[in-house]
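Please read the structure below before turning to the comments.
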Amino acid sequence: MKNKSKNFSKEPIDFILLIVVLMMLALGIIMVMSASAPTSIAESKDASAYTYVKTQALSAILGLALMLFISKIDYKIYKGFYKLIYIGVLILLASVAVIGKEVGRSKTLD
């Protein structure tokens with residue numbers, strides 16, 4: 001009989017999914033680099049084209065670490081929290097619509 005109270009899964013990582021995620025992440029960082037390099041050079045006093053890419057890469061590394069951690073948690077644990085998570089996401093979306101600052105034609109929480 002399996003232990004139903006286990007917190008971390010001992011299942012192997014799905015390497016195909018991991019490779020797809022890493023490829024999409026690399027493509028996204030390349031796109032940020034190509035789109036933001038001229039702006040970064042124009043705004044920066046030290047003429048670094050990597051200002052926005054550094055922030056994006058740091059966020060990507062933190063996101064990957066969080067993804068690997070969360071992927072080891074048994075998904076059945078989330079079953080009891082789905083309503084709370086859903087309500088939390090709706091509150092966050094509504095907060096952007098209500099208190100968000102409009103930049104261009106989009107809203108952001110700044």
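The values are calculated or read from the model by the stated rules, or taken from the named source; none is laboratory data. Keep in mind it's a predicted model, so treat the numbers as computed, not measured. FYI the Cβ positions are ideal-geometry reconstructions off the backbone, even for glycines, and counts take in every protein chain you see.
Surrounded by 10 or more Cβ atoms within 10 Å (Cβ to Cβ), within 19 Å of the chain's Cα centre (by Cα), closer than 30 Å to residue 10 by Cβ and not charged (D, E, K, R): does that describe residue 77?
Working: surrounded by 10 or more Cβ atoms within 10 Å (Cβ to Cβ): yes; within 19 Å of the chain's Cα centre (by Cα): no; closer than 30 Å to residue 10 by Cβ: yes; not charged (D, E, K, R): yes.
Answer is no for this residue.
Quick check on residue 23: is it assigned to a helix (DSSP H, G or I), closer than 25 Å to residue 108 by Cβ and at pLDDT 90 or above? Spell out the reasoning first.
Values: assigned to a helix (DSSP H, G or I): yes; closer than 25 Å to residue 108 by Cβ: no; at pLDDT 90 or above: yes.
So residue 23 fails the test.
Suppose we filter segment 36-55 for residues that are within 20 Å of residue 25 (Cβ to Cβ) and of a type in the set (A, V, I, L, M, F, W, C); how many remain?
Looking only at that region, the number is 3.
Out of 71, 106, I need the residue that is touching a residue at least 24 places away in the same chain (Cβ under 8 Å) and either exposed (fewer than 10 other Cβ atoms within 10 Å of the Cβ) or within 19 Å of the chain's Cα centre (by Cα) (or both). Which one? Steps first, answer last, please.
Working: 106 fails: touching a residue at least 24 places away in the same chain (Cβ under 8 Å).
Only one candidate qualifies: 71.
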